[in-house]
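K.L.:
Quick one: structure below, then a few questions.
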Amino acid sequence: MPSAPPEPIHGDDRLPSVRVTSYNLETREDGGFLGDKVSETAFRKLLDDWRQSFAGRDEDPLGSTPTDEIRREDLDKTFEDEEAPAADLLGGAADEFSQELAAVLGRFLLTPGWAGVQRIVCGGGFQSSAVGRAIVRRASGLLAADKGVTLRSLKHDPDDGGMIGWVHAAPTRLLRDGEGMLAVDVGGTNLRCGIVRFNRDAAGSCAQADVHTRRKWCHADEEPSREDVIDALCGMLVEMAAKAKDDGLRLVPLVGLSCPGIILPDGRIHHGTQNLPGDWTDDDFNLSLAVAAGLAEGDDRPPVVLVHNDAVVRGLSERPFMRDVERWGAITIGTGLGNCSFLNTGEESGAVEAG
């Protein structure tokens, strides 16, 4: 009798087409984490410092709205209008933040896990804004001049990368018998849930995978408990499964779930979830089992729930565009700074026979 296939390992560092050489790097400096210097939260603080430096000269060019309440769209409008009174203020803050970002990445490149990285991709909602894209471009120039390493923005929509990456993170055998899968991306501000279509080519590669349907919940506005998030997550997955059935899309029995933190092999989270609501590192809380239990209530054959770090999964959405380098990294600028690095193994992820 053939032996049963091995259970998938949560947070595995050996994936179908890459080896994860580092993630959730927590280098400390000045009493805090180095990465905290280049989160979107850090940019807002820096911008607030620039606003304070203008105080007493003239009226605040950004008005009376607190910095952390200014919408990205409004910052972009000001940033792109060179004649706007606040353009110089915002441009100065962006320049300073670009230098800080290049310096932090330079420090990452000195660590063993990031040694030899040739290219870095930047994801997250912040880099999708005009201000964020400009910061990435400026930091790329500084990093290239200093380290010979390029930095560029994620090609996929920020809401999709953390789900599409699962076609390169999941064990190949779990992707064989279907046309798509369910995926979830849990962040410090938003929860995203969607249907990922494999879109296999003639060779069976999932390089053209996309998100067929997605839902997004900005949970930070509601201050939910951990249990509220799990309940909402399971409800969204049930809704997505029904949508796939209605659309005639055959799903594999797998849910890919990405979230911040160090993921233990059994599906628990060791640390690194300080931006999530509630305690996700409680020894008695197992994220994989909690979601599987929530789904089992309405399904005779609940899917496998596989957990990995969100920066790793989001970074892996770029795997098809990283075939020309051996070592590469990814960062996510959001509520915090997600980070990871990879070594390509030469295999093609998602390459299975179309069933």
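K.L.:
Tell me, which residue of the stretch 81-133 that is touching a Pro at 6+ places or on another chain (Cβ under 7 Å) and among the aliphatic types (A, V, I, L, M) is surrounded by the most Cβ atoms within 10 Å (Cβ to Cβ)?
P.N.:
By that ranking, first place goes to 86.
K.L.:
Another question about this same structure. Checking the structure you have, find out if any residue of the stretch 163-177 is surrounded by fewer than 24 Cβ atoms within 10 Å (Cβ to Cβ), of a type in the set (S, T, N, Q), under 17 Å from residue 251 (Cα atoms) and over 13 Å from the mean Cα position of the chain (by Cα).
P.N.:
Yes, the stretch 163-177 contains at least one residue that is surrounded by fewer than 24 Cβ atoms within 10 Å (Cβ to Cβ), of a type in the set (S, T, N, Q), under 17 Å from residue 251 (Cα atoms) and over 13 Å from the mean Cα position of the chain (by Cα).
K.L.:
Yes or no: residue 276 modelled with pLDDT of 90 or more and either β-branched (Val, Ile, Thr) or crowded, with 19+ Cβ neighbours inside 10 Å (or both)?
P.N.:
Yes, satisfied.
K.L.:
Among residues belonging to the stretch 214-231 that are in contact with a strand residue (DSSP E or B) (Cβ under 6 Å, 6 or more places away or on another chain) and touching a residue at least 40 places away in the same chain (Cβ under 8 Å), point out the one that is nearest to residue 192 (Cα to Cα).
P.N.:
216
K.L.:
Now a separate question. Check every one of the helices (runs of 4 or more DSSP H) wholly within the stretch 71-154 and list those with 2 or more residues that are under 19 Å from the mean Cα position of the chain (by Cα) and without any contact (Cβ under 8 Å) to a residue 40 or more places away in the chain.
P.N.:
So the answer is 130-147.
K.L.:
Hey, among 200, 192, 214, which residue is among the basic types (Lys, Arg) and more than 23 Å from residue 125 (Cα to Cα)?
P.N.:
Being among the basic types (Lys, Arg) and more than 23 Å from residue 125 (Cα to Cα) holds for just one of 200, 192, 214, which is 200.
K.L.:
Taking the conditions exactly as written (touching a strand residue (DSSP E or B) at 6+ places or on another chain (Cβ under 6 Å), outside any helix (DSSP H, G or I), at negative phi and among the charged types (D, E, K, R)), does residue 26 satisfy them or not?
P.N.:
Considered against the rule, which asks whether it is touching a strand residue (DSSP E or B) at 6+ places or on another chain (Cβ under 6 Å), outside any helix (DSSP H, G or I), at negative phi and among the charged types (D, E, K, R), residue 26 comes out as yes.
K.L.:
Out of the strands (runs of 3 or more DSSP E) lying entirely within the stretch 256-347, which hold 2 or more residues that are closer than 16 Å to residue 158 by Cα?
P.N.:
By residue number, 327-333, 337-344.
K.L.:
Answer with yes or no whether residue 288 is over 18 Å from the mean Cα position of the chain (by Cα) and in contact (Cβ under 8 Å) with a residue 12 or more places away in the chain.
P.N.:
Yes, satisfied.
The values are calculated or read from the model by the stated rules, or taken from the named source; none is laboratory data. None of these values were measured; they are calculated from a predicted model. Cβ atoms come from the backbone with ideal geometry, glycine included; neighbour counts cover every protein chain shown.
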